[in-house]
There are 2 protein chains.
Amino acid sequence: MENYNKLVEHYKTISNFSHLSAICGWDAAAMMPSGGNQARSEAMAQLSLHIHQLSTAPQLAEWFEQAQSDELDPSQQASLGEMKRQWQLNTVVPEELVKAKSLAGSKCEHAWRTQRGDNDWAGFCKNFEEVVKLSQEEAQIRAEQSGLTPYDAMLDIYEPGVNSQQLDSIFGDLVSWLPELTQQVIEKQKTESVYTTEESYSTKDQNELGLEVMKLLQFDFDHGRLDISSHPFCGGVPQDVRITTRYDESDFVQSLMGIVHETGHARYEQGLPKRWAGLPVGQARSMGIHESQSLFFEMQLGRSQPFIANLAPLAQKHFSTNDAKVFEANNLQKIYTRVQPGYIRVDADELTYPAHVILRYEIERDLMNGKISYKDIPELWNLKMQQYLGLTTQDNFKDGCMQDIHWTDGAFGYFPSYTLGAMYAAQFMAAMRKEVDVDDALSSLELAPVFNWLSDNIWSKASTLATGELVKQATGSGLDAKYFRAHLESRYL
Amino acid sequence: MENYNKLVEHYKTISNFSHLSAICGWDAAAMMPSGGNQARSEAMAQLSLHIHQLSTAPQLAEWFEQAQSDELDPSQQASLGEMKRQWQLNTVVPEELVKAKSLAGSKCEHAWRTQRGDNDWAGFCKNFEEVVKLSQEEAQIRAEQSGLTPYDAMLDIYEPGVNSQQLDSIFGDLVSWLPELTQQVIEKQKTESVYTTEESYSTKDQNELGLEVMKLLQFDFDHGRLDISSHPFCGGVPQDVRITTRYDESDFVQSLMGIVHETGHARYEQGLPKRWAGLPVGQARSMGIHESQSLFFEMQLGRSQPFIANLAPLAQKHFSTNDAKVFEANNLQKIYTRVQPGYIRVDADELTYPAHVILRYEIERDLMNGKISYKDIPELWNLKMQQYLGLTTQDNFKDGCMQDIHWTDGAFGYFPSYTLGAMYAAQFMAAMRKEVDVDDALSSLELAPVFNWLSDNIWSKASTLATGELVKQATGSGLDAKYFRAHLESRYL
């Protein structure tokens, strides 16, 4: 145990520094005045370097070796396994490449902030070429070490255990029925009217409603808080989870469900087991599983008919309106399930969102595997948008391939997590319904059985199981798109 | 220059980690939910250890040696000198003693939080004995290294260059006339009526008034912010200064002038020269000089007749009151200059405050020099309170020697800074008046000449000069209590 304990100490040290990074990162987004940016960036870069050095410390290789001879129980073995997995992900790429990619990503992102508005693809490419080149190098190195394809090696950073063979099959399944389903739903919704008004909703009222909804969803305010930032996120640490939203006073719809979404992320973090706090095995399993929790809260709970029936009177209570018709449960339900293909992923509804992800997946997979060039992206984007959503992005880069920050930063392999999360969430709900009367829980707002199921099957498992095994133990089978399809058909048809 | 530059790099690294410590410390006081405390404390302890290791790195001794042979300009020499001074302060005390004192201090403080309310001196002593013993050991070690007396060696941490011979003389001067002046003022104020009401003032209104006053005082909101914490302070970093206050809805008086006070601290930080950012020489000179800036803002500017004449209509504007009489300039002026001896230092007015400090100084000086025992404190406290303020603290520990956190934590040598600050502030004002029409600036709220003087003479100097030299260059003479006396007599008689 002595060797393993040395490792535990080391990873708790890393966790302590990561704690400070998470809080200062939240502060930079939610609190910091803009003039603090330069000094903060330098301090954060110093901290990142320090965390990177600790995470790649040369003595770790030897300690892992020595810990093999310790007598470890299964959870300690899982813990050791996760330490090693993180260490390998961190050490396999040479320091110079990490730095070069980080610099190229920052440069590309900085210019992108204005280039996007200018629809300047040519200008963007001047920086993006380098980001792609360095990302391909990284993918190649990770591939050689892991025996995976270059793209799968990148995917493995965000979604360990998932590969493009699976994704091709699952996403292939999705695109075989989703465009048609979408068309059907659009036709159906043409006959339904949704009532909207021009009223405005103060930030204060929206905030108070949001806080009340977080309470319903049992967000632990002794271990977290809600604030405002221009890009909503869930940050902080499991003991102190910081979620953010943004308010648009002309529209309460986005921020309210945004808060439900981030509350899902937050409860996963708050529900991670305390006995493994600070250790890799105690962290959330993957980006896809994280998104499954936020989407479980947003799509499975938040947009459900019985939950919206409870939300409606709450919204009426908080908003001093002359026109309460918009807050009638039926109308609110229609607002929250309206389907409308659009250019922008982050604004997409539940039904059209997967198309945005799948087209990005197909492009980034081929790009990392060297089958296409970054120059091919706009044309492929346009083709796939037409195919999946019936929209053209010809010469419209800013609402097309330049809309997201992910590739700009070199985060190839991240996008699939969003749709994997949506599918996991539907599959978890189907499994939960075998044990829990979910509709009754949502109607009565007695949500303990729902959260207990999530805690038992997801949150308390942290990273003790591989993603596939986690899903199998929770639901009885591996990821299967049929649950997502059934959910969409039941909700939208 | 090569050797000196290595040192610059090293101290900028320390500064980056200190930045994170300052922001996370602010967060813990102003933002963090209580459930986050344990994890945060562990993370902060880890960071403190890291900063301590960097600050005491063994190679620094050699680097200092080597840097002597660099050709340094005078400001670089000052910079090198400050690095060495900080390094010596940090390295002279053995690591084990630092740790033991930190532990004993935390334990004593933790218990004190309940013992104070219980008036439990005997219980307090069980932990305090160890804090005193370890502090005396520290003082002894610092004395041997510096050639100062033990108490002066502690004083040197907070107020470099000031010793107890000077303090005995200056504070001796003060106590020779201050008790009598206080009595005179009390007699005079007996004939004056101050109008008060039972109205309440919302946190929101108080906050908005506070922000407006900060703007008048040219707080740079692009490099700082105002928030709430249970103990007001000025934190953050020069590029992003975080000040806090607390609001009492039954009384706007304290928080409003508290904000003026913290704004003084903040403007000093915001006014430190950018070219030395991150280096010891670029930091604020001392605790006493820092307090001189907060007290300059609070006492010299904030409570002056022309400033209050401007404050009065602002307060009327922000508070929806049925009874505006309280906000008449004359009345507000009386509120802000009311004199009333009391037990509690932090609630003391300008005239009685020094007595609180001097009695603590006399006790901690003799305690560190081994002339008295910690057991003698309550009796001495009672005697001196009677002598200076005419109040007895017999058997009243909680409003007597147990009221402050400083000794509990082992911060012996800190208290004099408060009254030194008040005296420096009066002396700076006297010097400024030779060049600037301060009353006109305060009446017209055209404060640029006032702040330019402070910037030229104090803020821009950072730590390039020793405290005594800084005061001499700014005012033409060393610290002299006559300016403080003249200020008090002019305001209160």
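The values are calculated or read from the model by the stated rules, or taken from the named source; none is laboratory data. Note that this is a predicted model, so its numbers are computed, not measured. Reconstructed Cβ throughout: ideal geometry from the backbone, glycine too, with neighbour counts over all protein chains shown. Areas reflect the complete protein model, heavy atoms only, side chains present, ligands, DNA and RNA absent. Shrake-Rupley method; radii C 1.70, N 1.55, O 1.52, S 1.80 Å.
Brief remarks follow.
- Unique match (being polar (S, T, N, Q) and either closer than 19 Å to A:Ser490 by Cβ or without any contact (Cβ under 8 Å) to a residue 60 or more places away in the chain (or both)) among A:Gln340, A:Gln333: A:Gln333
- Qualifying residue in segment A:61-76 (condition: within 18 Å of A:Gly282 (Cα to Cα) and under 26 Å from the mean Cα position of the chain (by Cα)): no
- Considering (1) assigned to a helix (DSSP H, G or I); (2) open to solvent by less than 70 Å² (accessible area, probe 1.4 Å), the lone condition that B:Gln145 does not fulfil carries the number (2).
- The condition of being open to solvent by less than 20 Å² (accessible area, probe 1.4 Å) and part of a helix (DSSP H, G or I) holds for only one of B:Val260, B:Val241, that being B:Val260.
- Conditions (1) in contact with a helix residue (DSSP H, G or I) (Cβ under 7 Å, 6 or more places away or on another chain); (2) within 23 Å of A:Asp173 (Cα to Cα); (3) surrounded by fewer than 17 Cβ atoms within 10 Å (Cβ to Cβ): number failed by A:Leu314: (2)
- Enumeration of residues in segment B:188-225 that are in contact with a Ser or Thr (Cβ under 7 Å, 6 or more places away or on another chain) and either of a type outside the set (Phe, Trp, Tyr) or in the same structural domain as B:Trp26 (by TED's automatic domain parsing) (or both): B:Glu199, B:Ser200, B:Gln206, B:Gly210, B:Met214, B:Leu217, B:Asp222
- Checked against the criteria, A:Val131 does not count as outside any helix (DSSP H, G or I) and open to solvent by less than 50 Å² (accessible area, probe 1.4 Å).
- Any hit, segment B:176-187, residues being of a type in the set (Gly, Ala, Ser) and in contact (Cβ under 8 Å) with a residue 24 or more places away in the chain: no
- Counted residues, segment B:173-217 - those being outside any helix (DSSP H, G or I) and away from chain A (no Cβ under 14 Å): 12
- Residue in segment B:78-99 that is of a type in the set (A, V, I, L, M) and under 20 Å from A:Ser41 (Cα atoms) present: no
- Looking only at residues in segment B:7-17 that are without any contact (Cβ under 8 Å) to a residue 60 or more places away in the chain and not β-branched (Val, Ile, Thr), the one that is farthest from B:Leu60 (Cα to Cα) is B:Phe17.
- Scanning segment A:244-257 for residues that are assigned to a loop (DSSP other than H, G, I, E, B) and charged (D, E, K, R) yields A:Arg246, A:Glu249.
- Subset of segment A:19-30 that is touching a residue at least 24 places away in the same chain (Cβ under 8 Å) and either buried (at least 22 other Cβ atoms within 10 Å of the Cβ) or out of contact with any helix residue (DSSP H, G or I) (no Cβ under 9 Å at 6 or more places or on another chain) (or both) - its residue that is farthest from the other protein chains (Cβ to nearest Cβ): A:Ala29
- Only one of the listed residues (B:Gln136, B:Gln86) is open to solvent by 40 Å² or more (accessible area, probe 1.4 Å), assigned to a helix (DSSP H, G or I) and over 30 Å from B:Thr464 (Cβ atoms). That residue is B:Gln136.
- So A:Leu89, is it among the hydrophobic types (A, V, I, L, M, F, W, C), more than 11 Å from chain B (Cβ to nearest Cβ) and over 16 Å from A:Gln283 (Cα atoms): no
- Residue in segment A:443-459 that is farther than 24 Å from A:Val281 by Cα and of a type in the set (Asp, Glu) present: yes
- Of the residues examined, B:Gly35 is one that is more than 24 Å from A:Arg40 (Cβ to Cβ) and either of a type in the set (Val, Ile, Thr) or within 12 Å of chain A (Cβ to nearest Cβ) (or both).
One line per residue, one yes/no per condition, for (1) modelled with pLDDT under 95; (2) assigned to a helix (DSSP H, G or I):
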site	(1), (2)
B:His10	no, yes
B:Cys24	no, yes
B:Asp27	no, yes
B:Gln38	yes, yes
B:Leu49	yes, yes
B:Asp70	yes, no
B:Gly81	no, yes
B:Glu96	yes, yes
B:Ala111	yes, yes
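- Options A:Leu7, A:Leu47; residue that is within 22 Å of A:Gln239 (Cβ to Cβ) and either exposed (fewer than 15 other Cβ atoms within 10 Å of the Cβ) or within 12 Å of chain B (Cβ to nearest Cβ) (or both): A:Leu47
- For segment A:221-238, a residue qualifies if it is open to solvent by less than 60 Å² (accessible area, probe 1.4 Å) and facing chain B (nearest Cβ under 9 Å), and the qualifying residues are A:His223, A:Gly224, A:Arg225, A:Asp227, A:Gly236, A:Val237, A:Pro238.
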